[in-house]
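Undergrad: If you scroll down you'll find the structure; I have some questions about it.
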Amino acid sequence: MVTTERDRTADELLDRRESLMDAAIGRLAAAAPRAPGERGDLARCREDIGAHIDALSAALRATGAEQLGEYCAFTAVFLEGIGVPRSALGAALDALSEAIGERLAPARSAIAQEALAGGRRRLDASPLVTPAALAVIPAAAEAPGDAASAAEALARAAPRVATMSVALSYMRRPGDALAHGWRRARCLEDARRHLAELAAAVDLEAPALFSDYAEWAQTLLTSFGLDPAELVGHLGALGDAIAIALPEHLAAAPRRHLAAAIERLTSGRVELPSFVQPEAPHGTLACGYLDALLQGNRGRALRLIQEAVEAGTPIKDIYTHVFQPCQYEIGRLWQLHQISVAEEHYCTAVTQTVLSHLYPLVFNARRADRRLVAASVDGNLHEIGVRFVADFFEMAGWDTFYLGASTPAQDVIDEVARRGADVLAVSATLGEHLPSVHELIAAARDDGRCRNVVLLVGGQPFRVVHDLWRQLGADGSAPTAEGAVHLAQELLVARSA
Ligand code: B12
């Protein structure tokens with residue numbers, strides 16, 4: 001690859017980043033002693049100048065002034081959203097240009113200053129960022145138009161769509177940008193997460209998956225005090241950004257999924273009732289156990305379960321009616337911002353310990369001469385659901401090999417072959433785990449050693465869309481561990497008939 005003078009200038013800008021930031025901020029402070037912009041925050045402004053240098057350097061390597069113009073437009077929208085006038089960004093870019101003139105050799109400073117001036121001119125356009133204005137901006141990365149599917153196009157365009165959607169949202173609801181302040185970078189992260197979940201749902205043509213995710217996100221965000229209209233607005237902006245970034249035939253499906261999610265969010269208040277109810281089967285025990293967890297009293301939690309077992313409560317009932325609803329409730333309380341991540345970790349760890357105390361009872365069933373390998377798919381850190389599945393098979397007399405969280409596909413397959421498993425149980429929790437499930441199932445199908453193995457999938461997404469397993473190429477799914485055992489037995493009988 002040929003290194004041009006533009007590339008060398010781009011390198012030098014990064015090498016001299018710190019000194020350029022100092023020089024530019026010095027000029028700004030001298031011009032307006034109290035504050036550049038109206039933030040009175042020189043340190044923050046210095047960081048912004050660092051970001052401008054990075055953008056300029058990237059633009060010199062890639063598409064040039066147009067890319068920098070897009071960066072300037074988005075930055076101006078962000079800054080206006082938090083009360084910093086566009087003129088302040090212009091002043092910062094001018095100060096940077098002067099600093100470049102002062103610190104770089106003339107030939108290179110001319111290259112950098114010319115590119116900067118091109119981007120800077122974009123600030124004079126009005127309005128700065130609208131769908132129409134964005135439409136004429138060439139795609140920064142690979143054009144997604146030749147993508148094989150809407151999901152692939154969405155994945156490729158995701159970084160650009162995320163930025164565009166946040167800029168549009170803030171432009172339409174500047175009050176949000178103001179309220180978010182410097183936490184607005186979180187909004188970009190959220191947009192990327194929305195897009196990953198959207199791509200997974202689009203890939204499987206399962207709008208319910210994305211609507212379910214949107215409902216979850218709405219509850220989470222509003223528990224942090226955000227206005228419910230904010231997510232609705234952001235999903236709308238995502239749809240508009242997708243309409244701009246993707247050709248019409250590829251934009252249609254994601255836009256339909258977004259419309260369905262918006263419809264769900266706006267058709268009534270999203271309620272999230274407790275998973276632990278005293279009137280439910282074993283509800284009193286579940287309430288007591290949850291209380292012990294939340295009080296940080298693991299001795300009492302363990303005693304309650306041991307007493308229930310001694311009084312004859314079936315182990316399976318304790319799994320189904322105590323541990324599972326309590327784990328879901330812990331998740332709900334975290335989602336509603338009522339307990340911390342640390343409290344969630346504590347409660348989960350206690351339940352794992354209590355589960356281990358029940359193992360003498362779990363492992364004493366009559367043997368069935370069947371073998372199960374059970375694992376959470378690569379990337380899935382949730383291990384208790386699939387542990388339940390393994391334990392229910394164990395209680396049915398199977399020899400079980402429970403591999404735990406996030407297991408790489410090839411290792412799972414090798415283990416299935418090594419153990420001579422009759423059934424493989426794979427667990428996913430988030431929509432974004434589904435591509436890995438797909439890959440694992442496809443790899444198992446391709447491996448001659450797994451030819452006779454029954455492939456089951458399960459976990460939260462499969463509880464939302466009941467026939468999702470078909471699209472992923474599995475043999476079946478069940479919403480519960482108990483159901484998984486019955487299904488496996490049925491499928492094995494059908495196979496041997
Ligand atoms: C504990 C927990 C964690 C722990 C897990 C630790 C561990 N050692 O397992 C940690 C901290 C790692 C974690 C991380 C995250 N978590 Co979490 N987590 C939970 C929590 C509170 C409990 C999970 C659990 O134990 N469930 C109990 C089991 C028994 O239920 P289950 O998994 O549904 O399994 C049953 C069935 O689904 C089925 N089943 C399961 N697998 C299989 C397989 C087969 C083959 C079959 C047939 C059936 C089957 O049978 C099981 C038994 O009946 C849940 C709450 C919830 N609702 O589950 C949130 C929850 C799942 N987590 C959530 C989130 C958002 C996250 C994070 C993204 C948070 C973050 N920002 O980092 C990360 C993602 C990590 C990742 N990459 O996977 C959300 C997901 C929301 C969503 N729809 O997107 C939830 C729902 C919390 C909430 N209410 O907001 N989490």
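Undergrad: Cβ contacts < 6 Å: first residue under 13 Å from residue 326 (Cβ atoms), restricted to segment 339-362; second residue in a helix (DSSP H, G or I) and more than 10 Å from the ligand (Cβ to nearest atom), any location; separation 6+ or different chain. Result?
TA: Note: pairs meeting the criteria are 347/293; 350/293; 350/298; 350/301; 354/302; 354/305.
Undergrad: Further, regarding this structure: So which residues in segment 448-488 are away from the ligand (no atom under 13 Å from the Cβ) and surrounded by 15 or more Cβ atoms within 10 Å (Cβ to Cβ)?
TA: Let us first name the residues in segment 448-488 that are away from the ligand (no atom under 13 Å from the Cβ), namely 448-452, 467, 470-471, 473.
Passing the criteria: 450, 473.
Undergrad: Give the residues of segment 48-68 that are crowded, with 21+ Cβ neighbours inside 10 Å and modelled with pLDDT under 85, sorted by residue number.
TA: 48, 67, 68 - these are the residues of segment 48-68 that are crowded, with 21+ Cβ neighbours inside 10 Å and modelled with pLDDT under 85.
Undergrad: In segment 191-233, which residue that is under 20 Å from residue 437 (Cα atoms), within 13 Å of the ligand (Cβ to nearest atom) and of a type in the set (Gly, Ala, Ser) is surrounded by the most Cβ atoms within 10 Å (Cβ to Cβ)?
TA: So the first thing to find is which residues in segment 191-233 are under 20 Å from residue 437 (Cα atoms), and the list is 193-210, 212-213.
Keeping just the survivors that are within 13 Å of the ligand (Cβ to nearest atom) gives 193-194, 196-198, 200-201, 208-210, 212-213.
Imposing the further condition that a residue be of a type in the set (Gly, Ala, Ser) reduces the set to 196, 200-201, 208.
Numbers: 196: 19, 200: 25, 201: 31, 208: 17.
If we take residues in segment 191-233 being under 20 Å from residue 437 (Cα atoms), within 13 Å of the ligand (Cβ to nearest atom) and of a type in the set (Gly, Ala, Ser), then 201 is surrounded by the most Cβ atoms within 10 Å (Cβ to Cβ).
Undergrad: A further question on this structure: Answer with yes or no whether residue 493 is closer than 25 Å to residue 394 by Cβ and within 11 Å of the ligand (Cβ to nearest atom). First the steps, then the outcome.
TA: On the way: closer than 25 Å to residue 394 by Cβ: yes; within 11 Å of the ligand (Cβ to nearest atom): no.
Answer is no for this residue.
Undergrad: Six or more apart or on different chains, Cβ atoms under 6 Å: show the pairs whose first residue is in segment 375-392 and in contact (Cβ under 8 Å) with a residue 60 or more places away in the chain and under 15 Å from residue 480 (Cβ atoms) and whose second is near the ligand (Cβ under 6 Å from one of its atoms) and among the hydrophobic types (A, V, I, L, M, F, W, C).
TA: 388/481; 389/425; 389/481; 389/484; 392/481
Undergrad: Shifting gears a bit: In this structure, does residue 428 turn out to be in contact with a Leu (Cβ under 9 Å, 6 or more places away or on another chain), in contact (Cβ under 8 Å) with a residue 12 or more places away in the chain, under 20 Å from residue 471 (Cβ atoms) and away from the ligand (no atom under 14 Å from the Cβ)?
TA: Numbers: in contact with a Leu (Cβ under 9 Å, 6 or more places away or on another chain): yes; in contact (Cβ under 8 Å) with a residue 12 or more places away in the chain: yes; under 20 Å from residue 471 (Cβ atoms): yes; away from the ligand (no atom under 14 Å from the Cβ): no.
Considered against the rule, which asks whether it is in contact with a Leu (Cβ under 9 Å, 6 or more places away or on another chain), in contact (Cβ under 8 Å) with a residue 12 or more places away in the chain, under 20 Å from residue 471 (Cβ atoms) and away from the ligand (no atom under 14 Å from the Cβ), residue 428 comes out as no.
Undergrad: I need the helices (runs of 4 or more DSSP H) fully contained in segment 248-355, keeping only those with at least 1 residues that are more than 23 Å from residue 384 (Cβ to Cβ) and not assigned by TED's automatic domain parsing to the domain that holds residue 484.
TA: Values: elements: 248-266, 283-294, 298-310, 315-318, 324-335.
The helices (runs of 4 or more DSSP H) meeting that bar are 248-266, 298-310.
Undergrad: Among the candidates 324, 335, which residue alone is modelled with pLDDT under 95 and under 28 Å from the mean Cα position of the chain (by Cα)?
TA: Details: 324 fails: modelled with pLDDT under 95.
335 is the lone residue from the list that is modelled with pLDDT under 95 and under 28 Å from the mean Cα position of the chain (by Cα).
Undergrad: May I ask you to list the residues in segment 70-96 that are touching a Leu at 6+ places or on another chain (Cβ under 9 Å), part of a helix (DSSP H, G or I), at pLDDT below 80 and not aliphatic (A, V, I, L, M)?
TA: If the condition is that a residue be touching a Leu at 6+ places or on another chain (Cβ under 9 Å), part of a helix (DSSP H, G or I), at pLDDT below 80 and not aliphatic (A, V, I, L, M), then 70, 71, 74, 75, 80, 81 are the ones that fit.
Undergrad: Please verify whether segment 406-419 includes one or more residues that are closer than 24 Å to residue 365 by Cβ, within 8 Å of the ligand (Cβ to nearest atom) and crowded, with 18+ Cβ neighbours inside 10 Å. Quick ask: steps written out before the conclusion?
TA: To start, the set of residues in segment 406-419 that are closer than 24 Å to residue 365 by Cβ comprises 415-416, 418-419.
Those still in the list that are within 8 Å of the ligand (Cβ to nearest atom) too: none.
The answer is no, given that none of the residues of segment 406-419 is closer than 24 Å to residue 365 by Cβ, within 8 Å of the ligand (Cβ to nearest atom) and crowded, with 18+ Cβ neighbours inside 10 Å.
Undergrad: Just the residues that are under 14 Å from residue 290 (Cα atoms) and more than 10 Å from the ligand (Cβ to nearest atom), please, taken from segment 340-361.
TA: 343, 346, 350, 354
Undergrad: Of the numbered conditions (1) under 16 Å from residue 54 (Cα atoms); (2) modelled with pLDDT of 95 or more, residue 140 satisfies every one except a single condition; which is it?
TA: (2)
Undergrad: So if I check each of 246, 285, which one is modelled with pLDDT of 95 or more and buried (at least 19 other Cβ atoms within 10 Å of the Cβ)? Before the answer, list the steps.
TA: Details: 246 fails: modelled with pLDDT of 95 or more.
Answer to the selection: 285.
The values are calculated or read from the model by the stated rules, or taken from the named source; none is laboratory data. All values derive from a computational prediction rather than experimental measurement. Every residue, glycine as well, gets a Cβ built from its backbone with ideal geometry; the counts of neighbours run over all protein chains shown.
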